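Here the structure is laid out as structure tokens; the discussion comes afterwards.
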Amino acid sequence: MSSNVVRAVCPHDCPDTCALLVTVQDGVATEVKGDPDHPTTAGVLCTKVARYTERTYHPDRLLYPQKRVGKKGEGKFERISWDEAIETIAYRLKEIAARNPLAIMPYSYAGTMGLVQGESMAARVLHKLGASFLDRTICASAGGVGYKYTLGDRIGTDVEQTQNARLIIIWGGNPIASNLHFWTRVQEAKRNGAKIIAIDPYRSLSAEKCHQHIAVRAGTDSALALGMMHVLIKEDLLDHDYIAQYTLGFEQLQQRVADWTPEKVAEICGISTEEVIGLARDYGEGAKRGEPSLIRMNYGVQRTHGGGMAVRNISCLPALVGAWRHAAGGVLLSSSGGFVKNSDALARPDLFPANHPSRTLNMSDVGNTLLHPGSDEFGPKVEAVIVYNSNPVAIAPESAVVAQGFARDDLFTVVLEHFQTDTADYADILLPATTQLEHLDAHSAYGHRYMMASNPAIAPIGEAKPNTEIFRLLAKALGFTEACFTESDDELGALAFNYQHARTQHTNWEQLKQTGWSKLNMPEIPFAQGGFTTPSGKCEFYSQQMLDAGLDPLPAYIPPYESVISNPQLAAKYPLAMISPPARNFLNSTFVNVKSLRDTEGEPHIDLHPEDAAARQIAAGNMVRIFNDRGSFVAKARVTEKAKPGLVVALSIWWKKLASDQKNANEVTSQRLTDMGGGPTFYDLLVQVEKL
Ligand SMILES: Nc1nc2c(c(=O)[nH]1)N[C@H]1C(S)=C(S)[C@@H](COP(=O)(O)OP(=O)(O)OC[C@H]3O[C@@H](n4cnc5c(=O)[nH]c(N)nc54)[C@H](O)[C@@H]3O)O[C@H]1N2
Ligand SMILES: Nc1nc2c(c(=O)[nH]1)N[C@H]1C(S)=C(S)[C@@H](COP(=O)(O)OP(=O)(O)OC[C@H]3O[C@@H](n4cnc5c(=O)[nH]c(N)nc54)[C@H](O)[C@@H]3O)O[C@H]1N2
Ligand code: SF4
Ligand SMILES: [Mo]
């Protein structure tokens, strides 16, 4: 009997990117634990990944290649050989590419965050084919752009400083569910006497454990930030020296926020004037006392029309009060900008055929894209989609349109997956992919500062192959002869980071595989003396780049597309706002098919305020239909004051096929995009609810 422990990394789309220790006995992974020595993981995993072997050895894993035999969406398949699968795909792609390769569309996101199993060999093949590019906007692009205009690269406070903050504002996040290892440090800060405030329309698991919960209307965060700036300036709770040295456009900002009075802001946000003033005072007075205050800004603020502007406005706050002077002060949106990646060496955009036109398709309105007939402006109709690391039929907005797109008989669809997801049901060819325990990868993170390496622990299950290997086989069948198409996963892993940089040169790939992780060498306090990566090197209250992009150069309020205030006509028909943030036991649509985790979530449900329930004769436990002009879905009602009046909360993202009506929350979400970055507006919609 042989037993060993392998260093791996949690591959999921979660800011925590935990370091794993996998126990393997006689070739079988028997236990997955958090590495006790990794400073943020600290030996603890969330419930989902603590049970990782359940997912890995799940009886429903795809074990061999299959081809569709039923109708699209029906989910009927027949086993075929790898040779037949690869030949079929190569034949169809060649035929389409001969007419116009732009008719081929990749669809991939962060099913694994791995840099090797993500955009490396897959991207090389798609680039060489001359396929359309994919703009990967589905999660973080609105905020990323808003942050960039204001502060530059996505670099912020080190999460390992959290426990030293005296005030922590959790703005649009629910860390107990989605950023557990940050939350542990928030608890430590709380024990040290820090005040914790949540800003969230919903009394989430995390919000209910904070000292204060400010329940704003969805999509009004930018107004709240304007109101805070108004009070900070009016009450002179400012760090004049920091403003003078390290910011740009303070005078214009001062004029801009002059009429953003607490009264006006309270009205827009659906909160009290005292809450606006109190929040600003907590923030500004703490800073005056020399105490570090930390804003953890998450994705909740980015999923409405003005999502980019919301992130921009909030990003202006630390510079006003000088919070950046402290290691535990400032703002943490994402740490991803600190990593020195070699994305081009992995993805090789240079393989794209010279002198060919290119086009970029946005993943956030994939439904409309698939149904587009083609035009001079749009380019050719999409004829093939290659899906990997994503489940668009469940996760993309306005699901009925997405499903209609994937149901097109003249569309050739290839899906690489672990399981037969809602998207897999529409595949022409369905290929079994390996999971993290079965393949190698290199990882950056967006919640901490460690470069990570994940070693394979077990042999592939069944005939599953890594994404990389599948694309290597495809490259060969397509006749691609460049040496880069035969590079091994280990060679790709070695390319993932640039080790010549001051932040990384203390380590290398061989060492990273041995130790599992290594911290970026970055200053503990990123912006104590400015040094923002904006054009001016300052925190830009006024942004020329925004003006050039046709945007308001100053912080502003962009109302939601659909809300009782911004669209009263629509609200007359659909009076309730709806948000569908992540459920604790799922990771986007991943894990929904793991029974123990699904059982903990129960069945698809919505949270509804008692007043709204009573007005509709809805009692707790009733089955209800949630609907608008785009579609409907059925869920069980929970009647609770956790949802503020006028709000429906549908924790997500359920597999459609596991719901009684084969639908989920994305039936009612819209394909409209954010103000910046072309992001989705998952939390910007109005619905009506009725008892079934
Ligand atoms: N368990 C679990 N963890 C996850 C995920 C998961 O699905 N499950 N998903 C991962 C991914 S891909 C991401 S992007 C992150 C997301 O990480 P977070 O952004 O922390 O996501 P949530 O935990 O849903 O927190 C979002 C919160 O924002 C609130 N919210 C909604 N609209 C608004 C608004 O307009 N303003 C404000 N202020 N708040 C609003 C919601 O009620 C919710 O409580 O989590 C990652 N981690
Ligand atoms: N209504 C609503 N919709 C949302 C959101 C919301 O809050 N509300 N959140 C949005 C956000 S923030 C995000 S990031 C997106 C997430 O959307 P996706 O990135 O599509 O995430 P998942 O739903 O987890 O699907 C990932 C799929 O990749 C597969 N996978 C994992 N590893 C591998 C691998 O190594 N190889 C292959 N071939 N497949 C693999 C998994 O089995 C899984 O089915 O959803 C968005 N959709
Ligand atoms: S999902 Fe997040 S918290 Fe859970 S193990 Fe993975 S990285 Fe850690
Ligand atoms: Mo995300």
Notebook entry, point to check: How long is region 31-125 along each principal axis, judged by its Cα atoms, biggest number first, in Å?
Noted result: 54, 30, 24
Notebook entry, point to check: In the chain, which Cys residues have no partner Cys with a Cβ closer than 4.7 Å?
Noted result: CYS14, CYS46, CYS139, CYS210, CYS269, CYS316, CYS484, CYS539
Margin query: How high is the relative contact order of region 568-691? Use alpha-carbon pairs under 8 Å, at least six apart in sequence, and give a whole percent.
Written below: 36
Check: What fraction of the DSSP beta bridges in the chain is antiparallel, stated in percent and rounded to the nearest 5?
Finding: 50
Check: Expressed as a rounded percentage, what relative contact order does region 142-333 have, with Cα pairs under 8 Å and six or more residues apart?
Finding: 34
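Please tell me which of these pairs span more than 19 angstrom C-alpha to C-alpha: LYS94/LYS381; LYS72/LYS656; LYS209/LYS644; LYS595/LYS657; LYS264/LYS288; LYS72/LYS465?
As for pairs spanning more than 19 Å Cα to Cα, those are LYS264/LYS288; LYS72/LYS465.
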Check: Quick one: in region 227-293, what % of C-alpha pairs are over 17 Å apart?
Finding: 44
Item checked: Estimated vicinal HN-Hα couplings, Hz - region 308-323 in sequence order (Karplus 6.51, -1.76, 1.60; Gly, Pro = x) -> x, 5, 4, 5, 4, 4, 5, 5, 6, 4, x, 5, 5, 9, x, 5
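Using the Kirkwood radius over Cα pairs, work out the Stokes-Einstein diffusion coefficient for region 276-434 at 4 °C and 1.567 mPa s, in µm²/s as a whole number. Before the final figure, lay out the partial values.
Working: Rh = 20.0 Å.
Here the translational diffusion coefficient equals 65 µm²/s.
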Margin query: Give me, ordered by chain and number, the residues 5 or more places off ASN362 or on other chains with an amide H under 5 Å from its own placed amide H.
Written below: ASP135
Next item on the list: Would you pull out the residues with amide H under 5 Å of LYS465's amide H, same chain only if 5 or more places away, H placed 1.01 Å from N?
Entry: ALA433, THR434
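Can you give me the Rg/Rh ratio for the chain, using Cα atoms for both radii and the Kirkwood formula for Rh? Intermediate values should be presented prior to the final figure.
Values: Rg = 24.7 Å, Rh = 25.9 Å.
Answer for the chain: 0.95.
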Next item on the list: Based on the mean of other Cβ atoms within 10 Å per residue, sort peptides 312-318, 191-197 so the most packed one is first.
Entry: 312-318, 191-197
Item checked: Cα Rg, Dmax (largest Cα-Cα span) when computed across region 3-56, Å -> 10.6, 33
Margin query: With equal scatterers on the alpha carbons only and no solvent term, can you work out the Debye log10 of I(q)/I(0) for region 167-208 at 0.19, 0.21, 0.23 1/Å?
Written below: -0.49, -0.60, -0.71
Margin query: At 222 nm, what value in deg cm²/dmol follows for the chain if DSSP H runs of at least 4 each add -39500 (n - 2.57) and the sum is divided by all its residues, to the nearest 500?
Written below: -8000 deg cm²/dmol
Check: When only alpha-carbon atoms count, how far does region 511-616 stretch along each of its three principal axes, as whole angstroms with the largest first?
Finding: 56, 48, 23
Notebook entry, point to check: How large is ³J(HN,Hα) for each residue in region 458-472, as worked out from phi by the Karplus curve 6.51 cos²θ - 1.76 cosθ + 1.60 (θ = phi - 60°), to whole Hz, x for Gly and Pro?
Noted result: 9, 6, x, 7, x, 9, 4, 10, x, 3, 4, 5, 4, 6, 5
Margin query: So if I take the alpha carbon set of region 568-691, get Rg, then get Rh from the Kirkwood formula, what is the Rg over Rh ratio?
Written below: 0.96
Check: What percent of all Cα-Cα pairs in region 621-692 falls in each 10 Å bin, counting up from 0?
Finding: 18, 50, 27, 5
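No lab work stands behind these numbers, since they all come straight from the coordinates. Everything quoted here is computed from the prediction, not taken from an experiment. All Cβ positions, even for glycine, are placed from backbone atoms using ideal geometry, and neighbour counts span all protein chains on display.
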